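Derivation of every value follows stated rules applied to the coordinates shown; laboratory data play no part. Quick caveat: nothing in here was measured; it's all calculated off a predicted structure. Here the Cβ positions follow ideal geometry from the backbone for every residue, glycine too, while neighbour counts run over all protein chains shown.
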């Protein structure tokens, strides 16, 4: 039962970053963001909810696997940092309407995810690889963020 509660704690922590991001994103979607020029390959809005739901669940589960495998202290610093940066990106991009600052921040987020994945992998290869879809999505989001910024300067 204790292990299940730890898993739930990691999942809740992951979804909490998403909740902060959702709070910052909500009002901007129908107004400011809708009016921005976006590339033709920008995903439709309905894609983001299911993708982030899967990523937050995978992220929390990866942390649980790493925890069960005895991940080093650096893994938890990296995990916390990437959660903080994850939440901050939406605040910068949507809340403050600053794609330029969000672009700098999302590069830091990608680096933090990489650090977290490598730290998790030192204890469990599975936990490290479970972070790969999240890193891939954030790298895609980095290119999207850069493109939106360039199109709207």
Fully extended, how many nm does the chain gain between residue 13 and residue 77 (0.36 nm per residue separation, minus their Cα-Cα distance)?
21.7 nm
Compute the separation of the alpha-carbon centres of the stretch 1-71 and the stretch 103-153 and state it in Å as a whole number.
13
Label residue 69 and residue 42 with points 7 Å out from Cα along Cα→Cβ: what is the distance between them in nm?
3.8
Shape call for the stretch 27-83, from the Cα gyration tensor axes a ≥ b ≥ c (a/c under 1.5 means rounded, otherwise prolate when a/b beats b/c, else oblate), comes out prolate
Ignoring everything except DSSP H segments at least 4 long, calculate the 222 nm mean residue ellipticity for the chain; use -39,500 (n - 2.57) per segment, divide by total residues, nearest 500.
-27000 deg cm²/dmol
What is the chain by shape, rounded, prolate or oblate, if you read a ≥ b ≥ c off the alpha carbon gyration tensor as root eigenvalues and call it rounded for a/c under 1.5, prolate for a/b larger than b/c, and oblate otherwise?
prolate
Rounded if a/c is under 1.5, else prolate if a/b is larger than b/c, else oblate: which is the stretch 55-97, with a ≥ b ≥ c the root eigenvalues of its Cα gyration tensor?
oblate
Theoretical gain in end-to-end length, residue 32 to residue 1 [0.36 nm per residue, Cα-Cα removed]
6.6 nm
Highest average packing first - 9-17, 60-68, Cβ atoms within 10 Å
60-68, 9-17
Could you grab the relative contact order for the stretch 1-76? Cα pairs under 8 Å, six or more apart, rounded to a whole percent.
61
From Cα pairs below 8 angstrom and at least 6 apart in sequence, can you work out the relative contact order of the chain, rounded to a whole percent?
31
